[in-house]
Amino acid sequence: MLGPQEKNCPITHYRKSQNIVQDKRIWVTYKEGVYDITDFVIEHPGGDQILLAAGSSVEPFWMLYAVHNNPHVLQQLEALRIGNLSKQDSQHSLENMSDPYSSDPPRHAVLKPASVKPFNAETPPFLLVEQFITPNELFYVRNHLPVPQIDPETYELEVEVEGSNKTVLLTLDDLKKFPKHTITATIMCAGNRRSEMTKEKPVKGLNWGPAAVGNATWAGVRLRDVLKKSGINEDDKKWKHVQFEGVDFDPTGKTYGASIPFWKAIDKRGDVILAYEMNGSPIPRDHGFPIRVIVPGVVGARNVKWLGKITVSENESDSHWQQNDYKGFSPSTNWDTVDFSKSPAIQELPVISAICTPSANEVVKVQDGHILVKDLGYAWSGGGQKIVRVDVTVDGGNTWHIADLDCQDAAEPPQHWSWTLWSARIPIRSGIRNVEIWAKAVDSCYNTQPETFRNIWNLRGVLNNAYHRVPIKTQ
């Protein structure tokens, strides 16, 4: 039952409109508590999704968006408590719950989860740099919703030209009739290395280490070929964006969506493909089966998986993940002052590097006055730029040593889409036992990494490309 003050106030199931109806309140329950979230909804950037729980338990909602089920959010919720349910009513409200993630695919045990539902996980860093091409089973996984089950025999991709009657439906077999195009490209999450930025000041987002990144060979059909076959003129100045929608639905019918600039989609040098193969095999379910758009040089958030629809438009995607997430802000911007409409959506990522081995506080043997580290790390830059140098220091930047670029694709910028694997032989002064290795990369436009996270901190914890620093012990 509700507490005494709520007996005359029914729980209102609310659907979001332009303005909240003033004479209605939005209540949810969690376990035995009743919470008034009306004021919170106004400020929440999640759109209609938060209203899935209106008038009922928030627990099924958190089974779908499980990232919210954490101590920080629970603390916020508790401040909104207005009453309590009996244990009987609480159990009754949950008796029909089912797990939306029950049909997710199996995953390799070595992957380290940042969240389980939805499943998000990275490879242990020392394994990440053992091969230039990341095996499918070890490639990091970034999901926002349950993994859809798609029958390739009935799969159709819709291509629409906004504002016209032009709509094309393509089966998987139709797509495979186009000329096949293969690229090797790195995909990286915008929040890669977020765990380091969080040490500067807390941020909201998955606590990724340095391995929310992978390098694979992708094969499929050029997006430009599909667009031209659908009647799109690449010289038409009207079009500004190409939008993508996945088929990973939530109960409101919302799908994951994103968009890229039209020029990137239509330019032959952009190398955007609708991929149906990953490392020579059909793309695994976790990575977008049967079709994933691969936008090389661009943040992973725009590489939409389980692609169901493409729209050529004058406008950016209106999805939550394009408009209210995956954007960078000033270090002075906080959740009280942030305005997502004032910042552009992330496309190309900045230059980055990471030390993958040795790991923090590992004991490393000194030989002939040097530590010799093979497969030390990776470096990558967005926009098709090539890594031209990796600098390493063990004395706080007083002296720098140039790393060896061990594995690097032969492609030239601005179509250099793969990462570079590097190693170094670093001199160590006699008697030094505690050392911190720093690394920074330089790309073909001579962009380099900032020294610390202090001046690039942002409330969403994205664009984490400060020097990578790993403390070790020598013997």
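The figures follow:
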item	result
Within region 429-453, tally of residues that are among the aromatic types (F, W, Y), on the phi < 0 side of the Ramachandran plot and surrounded by fewer than 20 Cβ atoms within 10 Å (Cβ to Cβ)	0
Qualifying residue in region 123-140 (condition: part of a loop (DSSP other than H, G, I, E, B), buried (at least 17 other Cβ atoms within 10 Å of the Cβ) and at pLDDT below 95)	no
Checking V147 against (1) farther than 26 Å from G383 by Cα; (2) touching a residue at least 12 places away in the same chain (Cβ under 8 Å); (3) in a helix (DSSP H, G or I), the condition it does not meet	(3)
Filtered residue count, region 151-160, keeping only those that are in a loop (DSSP other than H, G, I, E, B) and among the acidic types (D, E)	2
Qualifying residue in region 191-200 (condition: within 27 Å of Y155 (Cα to Cα) and touching a Leu at 6+ places or on another chain (Cβ under 7 Å))	no
Residue match in region 372-385 (condition: aliphatic (A, V, I, L, M), within 18 Å of A441 (Cβ to Cβ), within 22 Å of the chain's Cα centre (by Cα) and not assigned by TED's automatic domain parsing to the domain that holds A258)	yes
Tally of residues being surrounded by fewer than 18 Cβ atoms within 10 Å (Cβ to Cβ) and under 27 Å from F119 (Cβ atoms) across region 199-216	4
Failed condition for P100, given (1) part of a loop (DSSP other than H, G, I, E, B); (2) touching a residue at least 60 places away in the same chain (Cβ under 8 Å)	(2)
Of all residues making up region 356-381, the number that are assigned to a strand (DSSP E or B), of a type in the set (A, V, I, L, M) and surrounded by 13 or more Cβ atoms within 10 Å (Cβ to Cβ)	6
Any hit, region 265-275, residues being under 30 Å from N465 (Cα atoms), in a strand (DSSP E or B) and over 20 Å from the mean Cα position of the chain (by Cα)	no
Any hit, region 430-437, residues being modelled with pLDDT of 95 or more and of a type in the set (S, T, Y)	no
Unmet criterion (only one of (1) within 26 Å of I183 (Cα to Cα); (2) surrounded by 14 or more Cβ atoms within 10 Å (Cβ to Cβ)) for G461	(1)
Looking only at region 158-186, and only at residues there that are among the hydroxyl-bearing types (S, T, Y) and more than 29 Å from Q131 (Cβ to Cβ), the one that is surrounded by the most Cβ atoms within 10 Å (Cβ to Cβ)	T171
Region 235-256 residues that are in contact (Cβ under 8 Å) with a residue 24 or more places away in the chain, paired with ones that are acidic (D, E) and buried (at least 20 other Cβ atoms within 10 Å of the Cβ) (beta carbon under 6 Å, 6 or more apart)	T255/E245; Y256/D248
Selection from region 276-295 of residues that are in contact with a helix residue (DSSP H, G or I) (Cβ under 9 Å, 6 or more places away or on another chain), within 15 Å of E137 (Cβ to Cβ) and part of a loop (DSSP other than H, G, I, E, B)	N279, I283, P284
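The values are calculated or read from the model by the stated rules, or taken from the named source; none is laboratory data. These numbers were taken from a predicted model, which means no experiment stands behind them. Quick reminder, even Gly has a Cβ in these numbers, built from the backbone with ideal geometry, and neighbours come from all protein chains shown.
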